[in-house]
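Where a number appears in this text, it was derived from the coordinates with a stated rule and is not lab data. Not measured: the values here are computed from a predicted model. Counting neighbours? That spans all protein chains shown, and the Cβs are built from the backbone with ideal geometry, glycine included.
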Amino acid sequence: MTTKLDINKNNRIRHPEKVNKPDTLVLRKPSWIRVKAPTSQGYSKTRDIVKSSGLVTVCEEAACPNIGECWEKSHATFMILGEVCTRACAFCNVSTGLPNKIDEEEPYKIAEAVKKMGLQHVVITSVDRDDLADGGAGHFVKVISAIREVSTKTTVEILTPDFLRKKGAIDTVIDAKPDVFNHNLETVPRLYLKIRPGARYYHSLRLLDKVKQRDPDQFTKSGIMVGLGETKEEVMQVMDDMRSAGVDFLTIGQYLQPTRKHVAVDRFVSPEEFKGYETIAKAKGFLLVSASPLTRSSYHADSDFKELQENRKKRYK
């Protein structure tokens with residue numbers, strides 16, 4: 001169900017900047033997009049751990065369609081630095097506005113939740129925090145360190161904001177040595193002003209390149225959404241740009257419109273077209289490609305990490 005306005009758990013309008021925008025057309029979802037409502041015991045157990053720990057997940061905040069499948073397997077992507085973002089991207093369901101003060105206990109809460117859930121691989125993401133001097137980079141480091149203190153065998157994947165105009169922030173996070181450094185380009189350059197107005201395409205591309213330059217052993221990952229009005233040729237150019245920055249892992253998924261106030265879906269890309277993108281991307285040299293209508297940044301992240309490791313060994317043995 002797509003609603004006109006959404007209220008978050010604190011009874012605040014989730015997207016106040018979109019209140020006066022005209023409603024956009026909502027296309028009927030094709031059969032390959034629909035998923036069942038989560039009802040399993042595994043889902044309930046994961047939800048209870050998240051709630052009792054007072055944590056935020058991007059699974060909930062971004063209205064991820066895969067939440068039922070992932071939470072059933074005790075896989076959750078934790079969102080740090082609060083639940084309110086300082087950006088207002090046209091595609092995103094995360095709340096926007098003035099963020100609250102950072103929870104200094106959050107790194108320890110997440111570490112304990114990771115231990116309780118028995119995670120072998122965990123994904124940590126965050127809202128944009130343009131209000132902070134370092135964009136939240138130091139908090140990322142604290143979370144990574146806390147997890148490794150209590151779960152020494154757990155591998156850590158991060159999905160970061162762009163740290164735009166935050167000098168030294170990117171280096172700080174790279175030096176914490178996450179096992180996977182993910183930063184999404186989200187869409188093609190032509191659509192940035194419409195879809196991701198607070199960001200800069202080439203800044204994000206340079207961020208990914210800097211990770212490889214500073215620490216070549218770190219896996220890098222980036223993703224885009226399709227169905228926003230991009231062309232096949234533009235998607236292929238983004239692939240080339242990512243490979244020039246040394247990106248190892250590419251994800252491509254269908255954009256799904258959170259509410260009528262968000263940018264409209266231009267079209268639903270067929271599973272066959274996704275398979276075509278996957279074939280092209282593999283030919284361009286990515287170590288791993290995940291391209292499907294329901295692909296999201298952290299979807300199957302645990303098994304994908306193992307495959308990344310194996311593919312690197314095979315290529316460079």
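Assuming 0.36 nm per residue, please report the length gained on full extension of the stretch Ser270 to Asp103 beyond their Cα-Cα distance.
55.9 nm
Please turn the phi angles of the stretch 238-252 into ³J(HN,Hα) values with the Karplus equation 6.51 cos²θ - 1.76 cosθ + 1.60 (θ = phi - 60°), one per residue in order, whole Hz, x for glycine and proline.
Here the 3J(HN,Hα) series is 4, 4, 4, 4, 4, 5, 5, 8, x, 5, 8, 10, 10, 10, 9 Hz.
Report the residue, chosen from Asp217, Asp209, Asp248, that carries the largest GNM mean-square fluctuation when the chain is represented by alpha-carbon nodes joined by springs under 10 Å.
Asp217
Residue separation times 0.36 nm, minus the C-alpha to C-alpha distance between Arg315 and Gln213: what's the value?
Details: separation 102, 0.36 × 102 = 36.72 nm, distance 1.97 nm.
Result for the pair: 34.8 nm of gain on full extension.
Could you please report the charge total around Val143, scoring K, R as +1 and D, E as -1 over all other residues with beta-carbon less than 15 angstrom from its beta-carbon? Walk me through the numbers on the way to the answer.
Values: positive: Lys109, Lys115, Arg129, Lys142, Arg148, Lys177; negative: Asp103, Glu104, Glu105, Glu106, Glu112, Asp134, Glu149, Glu157, Asp175, Asp179.
Net of charged neighbours comes to -4.
For the chain, what is the charge dipole size about the Cα centre, in debye to the nearest 20, if Lys and Arg each add +1 at the Cβ and Asp and Glu each add -1 at the Cβ?
400 debye
According to a simple spin-label model (label point 7 Å from Cα along Cα-to-Cβ), what is the distance in nm between Asp171 and Ser44?
Distance between label points: 5.2 nm.
Do any of Lys21/Lys166; Lys51/Lys115; Lys115/Lys142; Lys73/Lys313; Lys142/Lys212 go past 19 Å between their Cα atoms, and which?
On the way: Lys21/Lys166 31 Å; Lys51/Lys115 15 Å; Lys115/Lys142 16 Å; Lys73/Lys313 27 Å; Lys142/Lys212 22 Å.
Lys21/Lys166; Lys73/Lys313; Lys142/Lys212, as the Cα separations exceed 19 Å there.
Quick one: Cα centre-to-centre distance for the stretch 12-73 and the stretch 224-293, in angstrom?
Centre-to-centre distance over Cα atoms comes out at 21 Å.
Quick one, what does Rg over Rh come out to for the stretch 78-175 if you take C-alpha atoms and the Kirkwood Rh?
Rounded to two decimals, Rg/Rh equals 0.97.
In deg cm²/dmol, rounded to 500, what helix-only [θ] at 222 nm does the chain give when every DSSP H run of at least 4 residues adds -39500 (n - 2.57) and the total is split over its residues?
-10500 deg cm²/dmol
Taking the inverse of the average 1/r across all pairs of different Cα atoms in the chain, what Kirkwood radius in Å do you get? Don't jump to the answer; show the numbers that get you there.
Numbers: mean 1/r = 0.0503 Å⁻¹.
Taking the inverse mean of 1/r over all distinct Cα pairs, the chain comes out at 19.9 Å.
I need the phi-derived Karplus couplings for the stretch 50-57: 6.51 cos²θ - 1.76 cosθ + 1.60, θ = phi - 60°, integer Hz, Gly and Pro marked x.
In residue order, the calculated couplings are 4, 5, 5, 8, x, 9, 10, 10 Hz.
For the residue pair Arg34 and Lys282, what label-to-label distance in nm results when each label sits 7 Å from Cα along the Cα-to-beta-carbon direction?
3.0 nm
Mean-square fluctuation check for the chain, GNM, Cα pairs under 10 Å: which of Leu208, Leu98, Leu164 is largest?
Ranking Leu208, Leu98, Leu164 by mean-square fluctuation puts Leu98 first.
For the stretch 49-120, rounded, prolate or oblate, judged on the Cα gyration tensor with a ≥ b ≥ c (square roots of eigenvalues), a/c < 1.5 rounded, else prolate if a/b > b/c?
oblate
Could you give the dipole magnitude of the stretch 180-317 about its Cα centre, charging the beta-carbon of Lys and Arg +1 and that of Asp and Glu -1, in debye to the nearest 20? Could you put the intermediate results ahead of the total?
Working: 24 positive and 18 negative charges, 55 e Å.
Around 260 debye, computed over the stretch 180-317.
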